[in-house]
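The values are calculated or read from the model by the stated rules, or taken from the named source; none is laboratory data. All values reported here derive from a predicted model rather than from experimental measurement. Neighbour counts are summed over all protein chains in view; Cβ atoms, including those assigned to glycine, are modelled from backbone coordinates with ideal geometry.
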Amino acid sequence: MDSTPTQPREKLEGYEFYRKVLGSPKFIVAPMVDQSELAFRTLTRRYGAELVYTPMINAKMFSDPTHKYYREQYFDIASGEEGAFTLPSTASTSAAVSSSTSPPICKDADCPLVAASTSTAASICKDTDRPLIVQFCANSPEHLLAAAKLVEAHCDAVDINLGCPQDIARRGHYGAFLMDDWDLIYKM
């Protein structure tokens with residue numbers, strides 16, 4: 001076993017992050033409350049989306065271990081839902097995957113979809129829901145950090161919602177209603 005410490009990854013910003021981490025996507029699906037769950041993201045990717053966001057997730061509720069249902073509903077890490085998804089293996093899917101003229105659905109050479117199994121069982125592709133950005137609404141640096149740490153290994157970036165104009169954002173003091181609190185935004 002190698003005992004040398006691992007070097008921290010270089011922090012990329014702006015265009016370098018967009019290019020190197022996200023792959024310069026041209027077709028991006030913005031976060032939409034109650035719409036950007038895994039099934040919708042999967043559908044949009046099938047029709048050309050190159051980068052997708054999760055729906056806005058409340059960082060305080062997500063990071064609270066007593067809100068297990070909330071966490072499972074919006075980003076179910078425990079079952080491996082996020083960052084991976086299941087495609088039903090149908091005859092048309094198997095034919096499309098095994099066809100030499102069709103590009104594989106997944107670029108991972110070890111992916112069962114690339115291997116084109118004829119099994120009727122579901123095939124799992126671990127890289128299909130990437131790149132993925134998780135969007136949190138928050139008004140506490142501590143809650144935001146705790147929530148971000150929970151999803152760190154399952155996404156490519158974390159986004160802070162600073163644009164939601166809905167009444168729920170006003171009542172919760174997040175989204176666009178943080179724009180008057182520059183000190184808090186800086187801390188987050």
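Here are the numbers for the structure shown:
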| item | result |
| --- | --- |
| Subset of the range 34-82 that is in contact with a helix residue (DSSP H, G or I) (Cβ under 9 Å, 6 or more places away or on another chain) and polar (S, T, N, Q) - its residue that is modelled with the lowest pLDDT | SER79 |
| Identity of the residue in the range 141-155, in contact with a helix residue (DSSP H, G or I) (Cβ under 9 Å, 6 or more places away or on another chain) and among the charged types (D, E, K, R), that ends up surrounded by the most Cβ atoms within 10 Å (Cβ to Cβ) | GLU142 |
| Residue that is in the same structural domain as ALA148 (by TED's automatic domain parsing), crowded, with 18+ Cβ neighbours inside 10 Å and modelled with pLDDT of 85 or more, where the choices are PRO31, PRO25 | PRO31 |
| Among (1) at negative phi; (2) surrounded by 15 or more Cβ atoms within 10 Å (Cβ to Cβ); (3) touching a helix residue (DSSP H, G or I) at 6+ places or on another chain (Cβ under 7 Å); (4) not hydrophobic (A, V, I, L, M, F, W, C), the one test that GLY175 misses | (1) |
| Scan of the range 7-55 for residues that are more than 22 Å from PHE136 (Cα to Cα), of a type in the set (D, E, K, R) and in contact (Cβ under 8 Å) with a residue 12 or more places away in the chain, ordered by number | LYS26 |
| Helices (runs of 4 or more DSSP H) wholly inside the range 7-72 containing at least 2 residues that are of a type in the set (Ser, Thr, Tyr) | 14-20, 38-46 |
